[in-house]
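Here is the structure we will look at.
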Amino acid sequence: MVTSGGNRIVRDDYQCLPSGAFMSSDLRTSTSIVLFGPPGAGKGTQAGNISVATGKPQVSTGDMLRAAVKEGTQLGIEAKGYMDAGLLVPDSIIIGLISERMLQDDASGGVLFDGFPRTIAQAEELSKITDVSLVIMIEVPDEDIVERIVGRRMDPQTGEIYHVKFKPAPSDVSSRLIQRKDDTEDTVRSRLDAYHLQTKPLSEWYIEASKETQLRVISVDGSGGIDQVSELIEKELGR
Ligand code: AP5
Ligand code: MG
C-alpha cells in the first residue's frame with residue numbers, strides 16, 4: 001500500500017461503496033469509528049449511511065440505555081433519572097454496557113460508536129477495549145439544536161428518525177410516531193450544558209491524540225441540510 005500525507009491512502013487502495021463513492025480501505029480493518037457531536041447534531045441520522053459505507057455496526061449508548069429503561073432492567077432503572085434530567089449517566093455504567101456489547105460477534109471487526117465516548121474517562125477506558133482509527137465530529141451551533149431536538153419524532157417500529165419540519169414522516173407512519181422523553185426544551189438545555197462541560201473537552205483530547213498516532217479526526221459542518229451533511233461525510237470518508 002502506498003501512502004501519502006500521513007494516513008491518507010492512494011486511489012488504488014480505495015473500495016467502491018454501494019452509493020458509488022469511494023472509501024479508503026483502512027476503514028475496513030478491525031478498528032472502530034467514533035461519531036461525535038452535541039445532542040441533535042445528526043449522529044443517529046448519519047450513522048446509517050456510515051455504517052453501510054464502512055461495514056461497522058452502529059453502537060448507540062443512547063439507544064442501548066433507552067432499551068434498558070423500556071425493559072425495566074436494573075441498569076435501566078439506574079440510568080433513567082440521569083437521562084430524564086439531561087445529565088450524563090455515570091461512566092461506570094456506560095463502560096460496563098460497552099464492554100459487554102464489544103464481546104458480541106458483530107463487534108469483532110470494530111464498530112461505529114454513536115454518542116460514546118462522552119467523557120475523557122470513557123475514552124481512556126475505550127482505548128483498552130478497541131482501537132479507534134477515525135473520529136467524525138459533527139459541528140452544529142447551539143442555536144440550531146433546540147429546534148432539531150424539540151421537533152424530532154421516532155418510529156418505534158423501525159427506529160427511523162424524523163423531524164416535523166426537516167424530515168417529515170410519510171403519512172402511513174405519522175400516526176405511530178413517538179417523541180423522546182428527554183426531547184423537551186428544558187431538558188435539551190441541560191443536555192447542552194453537559195455536552196459543553198463534560199463532552200466537548202474530549203474533542204481536544206482526540207485532536208491531541210491524532211498528532212502522535214494514526215488516529216484521524218475529521219470535522220464536518222453539520223449545520224446544512226441532512227443530505228448536504230451526508231455528502232460532506234461521504235467525501236471525507238473517501239479521502
Ligand atoms: P443520546 O441518545 O445519545 O442523545 P444525544 O447525544 O443527546 O444525541 P441525540 O440522539 O439527541 O442527537 P443525534 O445527534 O443523534 O441527532 P439525530 O440524528 O437524532 O443520549 C441520550 C441520553 O443518554 C444522554 O442525555 C445521557 O443521559 C445518556 N447517555 C447516552 N450515551 C451516554 C454516554 N456515553 N455517557 C453518559 N450518558 C450517556 O437528529 C436530531 C433531529 O434533527 C432529528 O429530528 C433529525 O431528523 C434532525 N436532523 C438531523 N440532521 C439534521 C440536519 N442536518 N438538518 C436538519 N435537521 C436534522
Ligand atoms: Mg442519537
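Whether a residue is basic (Lys, Arg), in contact with a helix residue (DSSP H, G or I) (Cβ under 9 Å, 6 or more places away or on another chain) and within 11 Å of ligand 1 (Cβ to nearest atom) was assessed, and residue 189 does not pass this test.
Helices (runs of 4 or more DSSP H) fully within segment 161-215 that include at least 3 residues being within 16 Å of ligand 2 (Cβ to nearest atom), touching a residue at least 60 places away in the same chain (Cβ under 8 Å) and under 17 Å from residue 88 (Cβ atoms): 185-194.
Restricting to segment 89-129, name every residue that is among the hydrophobic types (A, V, I, L, M, F, W, C) and in contact with an Asp or Glu (Cβ under 7 Å, 6 or more places away or on another chain).
93, 95, 121
Selection of segment 67-94 for residues being near ligand 1 (Cβ under 9 Å from one of its atoms) and either among the aliphatic types (A, V, I, L, M) or buried (at least 18 other Cβ atoms within 10 Å of the Cβ) (or both) yields 79, 83, 85, 86, 87, 88, 89, 93, 94. Anything in segment 49-66 that is of a type outside the set (A, V, I, L, M, F, W, C) and within 12 Å of ligand 1 (Cβ to nearest atom)? List them, or say none. 49, 58, 60, 61, 62, 63, 66, listed by residue number. When you scan segment 170-181, do you find a residue that is buried (at least 17 other Cβ atoms within 10 Å of the Cβ) and either at pLDDT below 95 or not hydrophobic (A, V, I, L, M, F, W, C) (or both), even just one? Taking every residue of segment 170-181 in turn, none turns out to be buried (at least 17 other Cβ atoms within 10 Å of the Cβ) and either at pLDDT below 95 or not hydrophobic (A, V, I, L, M, F, W, C) (or both).
The values are calculated or read from the model by the stated rules, or taken from the named source; none is laboratory data. Being a predicted model, the structure only gives us computed values, none of them experimental. Here the Cβ is made from the backbone with ideal geometry for all residues, glycine too, and neighbour counts use every protein chain on show.
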